[in-house]
């Protein structure tokens, strides 16, 4: 067996290892004589030593807590537990949890690997022994976009018997929706149908998932019988995104607003704001396709109305949080959308039988319908307790979650700025005007010079092609144009001239062609090759982007055959599905294949990264 040299002149000048000649020889001889399993164990051993020393745990030797290799060989050392974490993430939460679990399992005698379901080879399923799934639910009970091909394979006739597999599922969802954690439930059921055995019962987590997921992973570690006496091995090829940024969801950066201007014209039925934020000195970087996480505050008037309903002054202490009730309701609690948790708390405090009956029926559809027609303030106004202790009430509220917005700028062109394209949400419900939490806070209430807390959320599933010459087709409507502005700025800054085609839709050309001057400039200088527009209200028959796609079917098909990457950004409920159907039409009619073969072709494009969607 010829082992690779520790230092080789064939690969240029390498950093000095600091090892003596004798140490080099010892390692070479050891590597020559170890079996594959023993070599893997020893690599984990030294990785554990390195982690201990980096963390300042002490010097090498028994006093430092480093395990003594001389006390036994890998054959009689405690066996490590091998487990693979597979995650399906839409907004980054499942990926973040996978990273957290990877770190937690490290040092507990667990050999662990983490991988995105989008990159997982389904043919490996029948070889697995232990799998931990972390999957989010998107839309009406669907799995995250990147995980969709895996789910389709598992549900199909080619899924293998999994009788040798032990598994556990951590499901993420939003309890305000009818199909709460549906993707995780479907996965759990299907794995069991294929003969796999649960290591632990599925855990269904709401948007404030931290406490539940932590408790579940603690129990899972106990079930695995892990031991800290053997260093864990973080397997090579782990596909968990590690940003390394010092600012994240738990520690956001305070950015100041440089610009906040309306970019829809006079007379438009929409109000869309272009917002520029200063992130100089933050250390934050981003790529086209990434999102900005914004930690917003609740509407002040709504906060005051909740305080009034509860007969609070706003100065009462929320002891566990270390703040008063006004601060808690403003900055830390979700006080708009209803949840089963809140309804259960309110039913208990007030003795409202109607709420208890609704919850006891366990009819998710009826419960979702009730919650969708009311907010927290509506339930409070319907009647309640005369006196409510802050601790009792706040225990029933979810944590206020960050909102994500597609970044509309290139970090190469604007290294100290982040640009957003935001449409403030507002609508009427039960005779009361309702405002979007973050969209209104950011786009309406905060002006130039004011601050907001932000962080970068990576989106590895919405990226420009690695090949700068590969053609791209960008399809979007409304604020879905944001990431494409970032794409074009990046290509302009880097001098890239690969073919690029934009399909954009809005209501009226005169008032709603977002960033019109910029797009015309890119078209003129060749950064953009082609543009097709669909303004639905400019003619009697409404025209949308999917209609333009069908009109250009032959040319789109030629681009796809030439290696084009397709991007879709915008509304998931209508636009994204209509565009998906239009692309299937292109593939079937122009490719002269069956509908089934067209679907397979589109799935293949998605698996290969040539069909990417960022929908909401």
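Bear in mind that the values in this text are calculations on the coordinates, not laboratory data. As the structure is a computational prediction, the values presented were derived from the model and not from experiment. We place every Cβ from the backbone using ideal geometry, glycine too, and count neighbours over all the protein chains shown.
In terms of the ratio Rg/(2.2 N^0.38 Å) built on C-alpha atoms, what value belongs to region 88-132?
Details: Rg = 11.6 Å, N = 45, 2.2 N^0.38 = 9.3 Å.
Compared with the compact-globule rule of thumb, region 88-132 sits at 1.24.
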Between region 560-616 and region 168-193, the alpha-carbon center distance in angstrom | 26 Å
Cα-based Kirkwood hydrodynamic radius, region 368-438, one decimal, Å = 16.1 Å
Once both labels are modelled 7 Å past Cα along the beta-carbon direction, what's the residue 219-residue 190 spacing in nm?
-> 2.5 nm
Going fewest to most other Cβ atoms within 10 Å around each Cβ, 275, 134, 531 line up as 531, 275, 134
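What area, in nm² and to one decimal, does the C-alpha convex hull of region 81-224 cast on average over all directions? Don't skip to the end; give the middle numbers.
Working: hull surface 30.6 nm².
Projected area, direction-averaged: 7.6 nm².
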Just check region 338-405 against the gyration tensor rule for me: Cα atoms, a ≥ b ≥ c as the square roots of the eigenvalues, rounded for a/c under 1.5, and otherwise prolate or oblate depending on whether a/b exceeds b/c.
-> oblate
For region 329-360 and region 498-558, what is the separation of their Cα centres, given in Å?
-> 46 Å
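Under the classification rounded if a/c is under 1.5, otherwise prolate if a/b is larger than b/c and oblate if not, where does region 472-615 fall, given a ≥ b ≥ c as square roots of the Cα gyration tensor eigenvalues? Present the calculation step by step, with values, prior to reporting the outcome.
Values: a/c = 1.78, a/b = 1.23, b/c = 1.45.
Since a/c reaches 1.5 but b/c is at least a/b, the shape of region 472-615 is classed as oblate.
Based on the Kirkwood radius over alpha-carbon pairs, what is the Stokes-Einstein translational diffusion coefficient of region 300-394 at 37 °C with 0.692 mPa s viscosity, in µm²/s?
On the way: Rh = 13.9 Å.
It diffuses with D of about 237 µm²/s by this estimate.
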Separation between the residue 516 and residue 529 pseudo-spin-labels, each 7 Å from Cα along Cα→Cβ, expressed in nm?
-> 2.7 nm
Got a sec? How would 463, 613 order by Cβ neighbour count within 10 Å, fewest to most?
-> 463, 613
Per-q log10 I(q)/I(0), region 106-150, q = 0.18, 0.25 Å⁻¹ (Debye; single scatterer per alpha-carbon; no solvent) | -0.67, -1.01
Label-point separation, residue 210 to residue 541 (7 Å along Cα→Cβ), nm = 5.4 nm
Yeah, region 391-478 with a ≥ b ≥ c from its alpha-carbon gyration tensor (a/c under 1.5 is rounded, else prolate when a/b outruns b/c, oblate otherwise) is prolate
Taking the Cα centre of each part, how many Å lie between region 90-137 and region 382-431?
-> 29 Å
If we sort 428-435, 343-350 on the protection proxy, mean other Cβ atoms within 10 Å, highest first, what's the order?
-> 343-350, 428-435
Can you put 518, 561 in order of Cβ neighbours within 10 angstrom, beginning with the fewest?
-> 561, 518
